[in-house]
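S.K.: First, the structure itself, so that you have it in front of you.
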Amino acid sequence: MRAVQVTEFGGPEVLTPVELPDPVAGPGEVLIDVERIGVNYADTHQAENSYLAPSQLPLVPGGEVVGTHDGKRVVALLNGGGGYAEKAVAPAATTFPVPEGIDDLTALSLLVQGTTAWVLLRKNAHLAEGESVVVHAAAGGVGTIAVQLAKAWGAGRVIATASSEEKRALAIELGADVAIDSRAEDMTAALIEANDGRRVDVVLDMVGGTTTDQSIAALAPFGRLAFYGMAGRESPKPVELRNVLGHSTTISGMWLPHVFRLPGNVFGTALTELFDLVLAGNLKAIPGGEYALSDARGAHEALRSRKTVGKLLLDPGK
């Protein structure tokens, strides 16, 4: 089969098209004929071995695919990679049927980014009706869905941040009440101003660095910041617990694999609810570009440039 392999850790340049033997499904696994591959920011960390779960060489990156198994359309989370290929093996427990009316782009947009946004708002932030919500990187895969969900679930004011006029216009189109420049020198002041002079209740952050530091400073009493990535590849400052106490704020983290440890089928519940919202016309996936499998490097370069919007896909047929 055609695949993309990493034999040394690094940036997009280490993604090499190769021919590999077809994978074989073991007990509790399914073999999927891949139709489209989802590209996530986590894949860029996986390629350079800076992800939360250490990578091992040689590596076929990619954690999500949509395709067919036994003639049925499925979307699947993979275990440790293997997605950038014409065929992939996935645990049966993380392989889900794709409802009629859900296209490949939407299925892959919801599988990781959609469920991430759902968990952040429901489990981390416990969003209450009328609260203000800040969505950083609002034009990205998680951000575009988080903006729509926050609005649908009764947020009082949705504040988006993005780096260009086009991205900010997209966030407004998706339901944000205001969109501000993510490069603001004083993000604390910018967020408070965008919230009509009030501190904010909820922040969803995957940027890191000073963006995180200044967002924490913008939280209202009992405000919550949910941290789920570090696209800027710069760590925030250490959080002083006495400051958390002194301002009655909560800072939480979220890594999607941990959702499967929760009692009940939380992931399945989230995915089903997201599918239903799409089918009802209340949620939509935003295309970010489709690349040939052989140009996975180009997809990673685009993603790391922070110039993309929505969901990026790879086509294993090219």
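S.K.: For the stretch 33-55, check the following and say yes or no: at least one residue is at pLDDT 95 or above, of a type outside the set (Ser, Thr, Tyr), out of contact with any Pro (no Cβ under 7 Å at 6 or more places or on another chain) and more than 20 Å from ALA296 (Cβ to Cβ).
M.R.: Residues of the stretch 33-55 that are at pLDDT 95 or above, as a first pass: 33-39.
From what's left, of a type outside the set (Ser, Thr, Tyr): 33-39.
Keeping just the survivors that are out of contact with any Pro (no Cβ under 7 Å at 6 or more places or on another chain) gives 33, 35-36, 38-39.
Those left that are additionally more than 20 Å from ALA296 (Cβ to Cβ): none.
For the stretch 33-55, residues at pLDDT 95 or above, of a type outside the set (Ser, Thr, Tyr), out of contact with any Pro (no Cβ under 7 Å at 6 or more places or on another chain) and more than 20 Å from ALA296 (Cβ to Cβ): absent.
S.K.: Moving on to the next point. Looking only at the stretch 1-24, which residues are within 15 Å of GLY81 (Cα to Cα) and in contact with a His (Cβ under 9 Å, 6 or more places away or on another chain)?
M.R.: Correct list: LEU15 only.
S.K.: Residue by residue through the stretch 122-154, note down the ones that are open to solvent by less than 10 Å² (accessible area, probe 1.4 Å) and under 23 Å from THR188 (Cβ atoms).
M.R.: Quick first cut of the stretch 122-154, residues open to solvent by less than 10 Å² (accessible area, probe 1.4 Å) only: 125, 132-136, 138-139, 143-147, 149-150.
Once the filter is applied, which keeps residues that are open to solvent by less than 10 Å² (accessible area, probe 1.4 Å) and under 23 Å from THR188 (Cβ atoms), the stretch 122-154 yields ALA125, SER132, VAL133, VAL134, VAL135, HIS136, ALA138, ALA139, GLY143, ALA146, VAL147, ALA150.
S.K.: Considering each residue of the stretch 151-204, count those that are touching a strand residue (DSSP E or B) at 6+ places or on another chain (Cβ under 6 Å) and of a type outside the set (Gly, Ala, Ser), and give that number.
M.R.: 18
S.K.: If you don't mind, another one. Quick check, is LYS87 basic (Lys, Arg), modelled with pLDDT of 95 or more and open to solvent by 60 Å² or more (accessible area, probe 1.4 Å)?
M.R.: On the way: basic (Lys, Arg): yes; modelled with pLDDT of 95 or more: yes; open to solvent by 60 Å² or more (accessible area, probe 1.4 Å): no.
Against the criterion (basic (Lys, Arg), modelled with pLDDT of 95 or more and open to solvent by 60 Å² or more (accessible area, probe 1.4 Å)), LYS87 does not qualify.
S.K.: Next up: Filter the stretch 56-84 down to the residues that are open to solvent by 30 Å² or more (accessible area, probe 1.4 Å) and under 23 Å from THR116 (Cβ atoms) and list them by number. Quick ask: steps written out before the conclusion?
M.R.: Taking the stretch 56-84 and keeping what is open to solvent by 30 Å² or more (accessible area, probe 1.4 Å), we get 56-58, 68-73, 79-80.
Of everything in the stretch 56-84, those that are open to solvent by 30 Å² or more (accessible area, probe 1.4 Å) and under 23 Å from THR116 (Cβ atoms) turn out to be ARG73, ASN79, GLY80.
S.K.: Identify all residues within the stretch 37-52 that are more than 14 Å from LEU77 (Cβ to Cβ) and of a type in the set (Gly, Ala, Ser); write none if there are none.
M.R.: If the condition is that a residue be more than 14 Å from LEU77 (Cβ to Cβ) and of a type in the set (Gly, Ala, Ser), then ALA47, SER50 are the ones that fit.
S.K.: Could I ask something else about it? What's the number of the condition GLY223 fails, among (1) open to solvent by less than 10 Å² (accessible area, probe 1.4 Å); (2) within 22 Å of ARG183 (Cα to Cα)?
M.R.: All conditions are met except number (2).
S.K.: Right, next: Can you name every residue in the stretch 38-55 that is in a helix (DSSP H, G or I) and open to solvent by less than 40 Å² (accessible area, probe 1.4 Å)?
M.R.: Within the stretch 38-55, the subset in a helix (DSSP H, G or I) is 41-48.
Within the stretch 38-55, ALA42, ASP43, THR44, HIS45, GLN46, ALA47 meet the criteria.
S.K.: Can I ask one more? Out of the residues in the stretch 254-309 that are at positive phi and loosely packed, with under 14 Cβ neighbours inside 10 Å, which is modelled with the lowest pLDDT?
M.R.: The initial filter retains those residues of the stretch 254-309 that are at positive phi, namely 264, 281, 289, 306.
Still in the running and loosely packed, with under 14 Cβ neighbours inside 10 Å: 264, 281.
Working: GLY264: 90, GLY281: 97.
Only one residue tops the list, namely GLY264.
S.K.: While we're on this one: Which residue is nearest to ALA107 (Cα to Cα), if the candidates are limited to the stretch 1-29 and must be touching a residue at least 40 places away in the same chain (Cβ under 8 Å), over 24 Å from the mean Cα position of the chain (by Cα) and assigned to a strand (DSSP E or B)? So that I can check it myself, show each step before the final result.
M.R.: Step one: list which residues in the stretch 1-29 are touching a residue at least 40 places away in the same chain (Cβ under 8 Å), which gives 1-9, 11-13, 15, 17, 20, 22-26, 28-29.
If we keep only those that are over 24 Å from the mean Cα position of the chain (by Cα) too, we end up with 1-2, 7-8, 17, 20, 22-26, 28-29.
Those left that are additionally assigned to a strand (DSSP E or B): 2, 17, 29.
On the way: ARG2: 23, PRO17: 25, GLU29: 20 Å.
So, considering only residues that are touching a residue at least 40 places away in the same chain (Cβ under 8 Å), over 24 Å from the mean Cα position of the chain (by Cα) and assigned to a strand (DSSP E or B), the one nearest to ALA107 (Cα to Cα) is GLU29.
S.K.: How many residues are within 21 Å of ALA218 (Cβ to Cβ), open to solvent by 30 Å² or more (accessible area, probe 1.4 Å) and of a type outside the set (Lys, Arg) when one looks only at the stretch 155-175?
M.R.: Residues that pass the stated criteria total 3.
S.K.: Go through VAL244, VAL200, VAL259 for me and flag whichever is touching a Ser or Thr at 6+ places or on another chain (Cβ under 8 Å) and under 30 Å from VAL14 (Cβ atoms). Give the derivation first.
M.R.: Numbers: VAL244 fails: under 30 Å from VAL14 (Cβ atoms); VAL200 fails: under 30 Å from VAL14 (Cβ atoms).
Sole residue among the options that is touching a Ser or Thr at 6+ places or on another chain (Cβ under 8 Å) and under 30 Å from VAL14 (Cβ atoms): VAL259.
The values are calculated or read from the model by the stated rules, or taken from the named source; none is laboratory data. Quick caveat, the model's predicted, so the values are computed rather than measured. As a convention, Cβ positions derive from the backbone with ideal geometry for all residues, glycine included, and neighbour counts pool all protein chains shown. Surface accessibility is based on the protein's heavy atoms, side chains included, excluding ligands, DNA and RNA. Shrake-Rupley method; radii C 1.70, N 1.55, O 1.52, S 1.80 Å.
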